[in-house]
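This report concerns only the one structure given below.
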């Protein structure tokens, strides 16, 4: 990237070469606008962020402590504030992404109103949210750089050469708020062609990483609901290839595909796989079907019959016209799904589980890595799990295994507040605290995410505010519970006019109109109370 001063020099040369009408254009002002708009298109963003993900994946392969994290977003403002907060607290955005959750798009963004996570929301709302997220992240860049430009002007006006040099260095080394987004395409919203078209739209909006699952598109369920139905491997691989074609067509050669398997909790399939010879992929899929042997004498009207090892077998078909898998085959199906996906174009895996348990995840990853040694996972640290109860029960079971006295605890009631200060609860909380690092090391998890964090934080904070504001605390409920904390914690949104872009607009007015500009940030702007 060019430096601030080199950009000014280049523009000065351009403007001086033009007709007299350009002489009112300030090279420095244009340079500032260019730096504040580093990414011109969504494809620029996709190329930039894909390179980041690929580098992070390589670094994780070399050192499993270098795992990555993200939080789910349902609005551009939410994603913007996450990245502003990350930069404020950690000085950089290294190994920290955003996650776009299909669940939250369905629940919060659909024109139908709140919907369950069953792919009933509008297809275009996913790409629309990607574009919105990056619009807000680019605005965060513009806002932060605008503040630096004002600091530079102040240093120049004061004749402070040292400060001027310091601020220029900060401008030249500015780190963007733009980070990779792992974007949920559900089950592709239709056939492979529909998946390809939607993937293109998402990539054009800026997505460098697309997550797709192996459920039937028109039967899709949330990963933590019952009634999930998977598709044969060849159907899923066609959609993985469709996403890869979309990346390559648009020139994103490093695009990342996350193949998600819901087989652990999915006991049903809509189709019997096509098989051409014993042991092929279709035959392996069908081997998991719950079947019973039949003879010509006991065949019934409408039976579907398959040949398994020379025997005529009738897969059990439900009233829904779905076929069921054998009980207890979920983990084996997950392992086959993962190996097949990685060997056919996927880059990362996602195994949807019913609980956060490193041993369970690790056992499946070990089996996968026997075939694909560098297999890496994205893992949903889901709010659908009762983390407190799960980990307290895991510690309880470990204590029993170690012969420790657990008579003071009721395993079924460990969520109770009465246990919060006990040894068991403290050990469980420590396991929760280190879960991500432990799973990265022991279970091959490259990326940890929470799908729905701000769905829950918005509800919790609103409940607290409503209780105080509409109760006896009145206005103090807002001032003490919100504004005072914003001021003391340095939350940028306390200056909400600035956050919404008023200072950026004032800068532009000055560029366009000079001394005649009518600016909003004068002495009577009440935002000055928060300086």
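See the values below:
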item: Mean separation of Cα contacts under 8 Å (6+ apart) over length of the chain, as relative contact order %; result: 14 percent
item: Angle in degrees between helix 76-90 and the longest Cα principal axis of the chain, rounded to the nearest 10; result: 80 degrees
item: Dmax and Rg, reported as Rg then Dmax, of the chain (C-alpha, Å); result: 27.7, 100
item: Peptides ranked, highest mean first, by Cβ atoms within 10 Å: ranges 78-88, 519-529; result: 78-88, 519-529
item: Rounded tilt (10° steps) of 453-469 against the dominant C-alpha axis of the chain; result: 60 degrees
item: Paired Rg and Dmax values of the range 471-515, which use every Cα atom, in angstrom; result: 16.1, 51
item: Protection-proxy order for peptides 210-219, 191-200, each taking the mean of Cβ atoms within 10 Å per residue, highest first; result: 210-219, 191-200
item: Theoretical ellipticity at 222 nm over the chain - DSSP helices of four or more residues, -39500 (n - 2.57) apiece, nearest 500; result: -15000 deg cm²/dmol
item: The chain - share of DSSP beta bridges that are antiparallel (%, nearest 5); result: 25 percent
item: Sorted peptide list for 296-304, 417-425, criterion being average Cβ within 10 angstrom, highest first; result: 417-425, 296-304
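Any read-out appearing in this document is the output of simple, stated calculations on the displayed coordinates, not a laboratory observation. Given the structure is predicted, the values throughout are model-derived calculations rather than measurements. Positions of Cβ are backbone-derived with ideal geometry, glycine not excepted, and every protein chain shown enters the neighbour counts.
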